[in-house]
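Asker: I'd like to ask you about the structure that follows.
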Amino acid sequence: MPSPFPGMNPYFEDSDLWPSVHHSLADALIGQLNPRIGPKYYADVETRTVIEDIAITLPSMRPDAGIFHQLDVDTSPVMMGEAVVIAPEAPLKRVALVEDRVKLHAVQLYVTETNQLVTSIEILSPYNKRQGEGLDQYRQKRKNILHSAVHFIELDLLRGGQRPGLEVSEPPLDTDYVLLVNRYRPEAARVSEIWTVAINEPLPLLPVPLLAPDPDVVMDLNSALRAVHERAGYEWRLDYRKLLPPPDLRPSIAEWWKGRLAQIT
């Protein structure tokens, strides 16, 4: 079935689905933007690979948070020749950590003739919003862009985690998703234009700034997300009877989803 949500589908926030959604959304956006900005400009995907430690769990999954517990170890008797020997328990037991490679995607717009970076569109991932190295790294990247002559667009389509920008986290915004456009203007302060969006609302059309005097082009996130939904077969892969990925819905949205779910099941 088509997505029952008018904009972002919160089932995409599942940790097993998000890596594919993240990649596909970036591809959908460059496919949408290039016909609108060429031939003077072009859009491409920046892919950055980062390493994070995850706990080994069964079944295999990429958790956003880990719960560590003591594992049971088989101490059954083993035969050694004619004697039965019971192996002693190890004095220390810890869950093993392995390194996992996480790919982060951004859409970047360049001047075709010079390859000058004009606009960076950051699609946040859980790694970017997780306290610690991921959040620190992204905040530094964000700071570097805002200190440069590059326009900055931030798409936070994840309800969980820490929102990285001070202008959207202090005071906190009581919303589900946050979209932000910050234009570079010589000799002017960097001012973020902010859209807050609830799960039961369509995402707004966003302006994508280019070099002056060229006008903005429009980015249609709803269309891009529909393309992701259709191409990946989520029409038959998603079971809306299952619980939504965390965090819990806000009370007003939970009531809306209860009524919407009754209509589609």
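The values are calculated or read from the model by the stated rules, or taken from the named source; none is laboratory data. Just so it is clear, the structure is predicted and the values come from calculations on it, not from any experiment. Neighbour counts run over all protein chains shown; Cβ positions are idealised from the backbone, glycine included.
Asker: When Gln131 is evaluated against the numbered criteria (1) at pLDDT 80 or above; (2) more than 15 Å from the chain's Cα centre (by Cα); (3) surrounded by fewer than 13 Cβ atoms within 10 Å (Cβ to Cβ), which criterion, by number, is the only one it fails?
Answerer: Evaluating Gln131 over (1) at pLDDT 80 or above; (2) more than 15 Å from the chain's Cα centre (by Cα); (3) surrounded by fewer than 13 Cβ atoms within 10 Å (Cβ to Cβ) leaves (2) as the failure.
Asker: Here's a follow-up. Which of the residues belonging to segment 175-188 are more than 18 Å from Asp214 (Cβ to Cβ) and either modelled with pLDDT of 95 or more or surrounded by 14 or more Cβ atoms within 10 Å (Cβ to Cβ) (or both)?
Answerer: Matches in segment 175-188: Thr175, Asp176, Tyr177, Val178, Leu179, Leu180.
Asker: Okay, next question. Please go through segment 107-128 and pick out each residue that is among the β-branched types (Val, Ile, Thr) and crowded, with 19+ Cβ neighbours inside 10 Å.
Answerer: Val107, Val118, Thr119, Ile121, Ile123
Asker: When you scan segment 213-220, do you find a residue that is among the acidic types (Asp, Glu) and either within 13 Å of Ser3 (Cβ to Cβ) or in contact (Cβ under 8 Å) with a residue 24 or more places away in the chain (or both), even just one?
Answerer: yes
Asker: Within segment 187-197, is there a residue that is in a loop (DSSP other than H, G, I, E, B) and either in contact (Cβ under 8 Å) with a residue 24 or more places away in the chain or under 20 Å from Asp27 (Cα atoms) (or both)?
Answerer: yes
Asker: While we're looking at this one, here's another question. Quick one: is Leu203 in a loop (DSSP other than H, G, I, E, B), touching a residue at least 40 places away in the same chain (Cβ under 8 Å), in contact with a Lys or Arg (Cβ under 7 Å, 6 or more places away or on another chain) and closer than 27 Å to Phe12 by Cα? Talk me through it step by step, then tell me what you get.
Answerer: Values: in a loop (DSSP other than H, G, I, E, B): yes; touching a residue at least 40 places away in the same chain (Cβ under 8 Å): yes; in contact with a Lys or Arg (Cβ under 7 Å, 6 or more places away or on another chain): no; closer than 27 Å to Phe12 by Cα: yes.
Here the answer is no, as Leu203 does not meet what is asked.
Residues are listed down the side, and each one gets a yes or a no for (1) under 28 Å from Leu249 (Cα atoms); (2) of a type in the set (S, T, N, Q); (3) modelled with pLDDT of 95 or more:
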| residue | (1), (2), (3) |
| --- | --- |
| Pro4 | yes, no, yes |
| Phe12 | yes, no, yes |
| His23 | yes, no, yes |
| Tyr41 | no, no, yes |
| Asp44 | no, no, yes |
| Thr49 | no, yes, no |
| Ile54 | yes, no, no |
| Ile67 | yes, no, no |
| Asp74 | no, no, no |
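Asker: Quick check on Thr196: is it surrounded by fewer than 12 Cβ atoms within 10 Å (Cβ to Cβ) and among the polar types (S, T, N, Q)?
Answerer: no
Asker: Does segment 108-135 hold any residues that are assigned to a loop (DSSP other than H, G, I, E, B) and among the polar types (S, T, N, Q), and which are they?
Answerer: Restricting attention to segment 108-135, the residues satisfying the condition of being assigned to a loop (DSSP other than H, G, I, E, B) are 112-116, 124-125, 130-132.
The answer is Thr112, Thr114, Asn115, Gln116, Ser125, Gln131.
Asker: Let me ask something else about it. Of the numbered conditions (1) charged (D, E, K, R); (2) within 16 Å of the chain's Cα centre (by Cα); (3) exposed (fewer than 15 other Cβ atoms within 10 Å of the Cβ), Glu154 satisfies every one except a single condition; which is it?
Answerer: In the conditions (1) charged (D, E, K, R); (2) within 16 Å of the chain's Cα centre (by Cα); (3) exposed (fewer than 15 other Cβ atoms within 10 Å of the Cβ), Glu154 misses (3) alone.
Asker: Moving on. Just one of Leu210, Leu244, Leu225 is buried (at least 17 other Cβ atoms within 10 Å of the Cβ) and over 27 Å from Gly161 (Cα atoms); which is it?
Answerer: One residue alone meets the criteria, Leu210.
Asker: Here's something else I'd like to know. Being over 25 Å from Thr47 (Cβ atoms), of a type in the set (Lys, Arg) and outside any helix (DSSP H, G or I) is the requirement here; does Arg163 meet it?
Answerer: Criteria not met by Arg163.
Asker: Here's another thing I want to ask about it. Just give me the residues in segment 238-263 being in a helix (DSSP H, G or I) and either among the hydrophobic types (A, V, I, L, M, F, W, C) or under 17 Å from Asp174 (Cα atoms) (or both), in sequence order.
Answerer: Pro251, Ser252, Ile253, Ala254, Glu255, Trp256, Trp257, Leu261, Ala262
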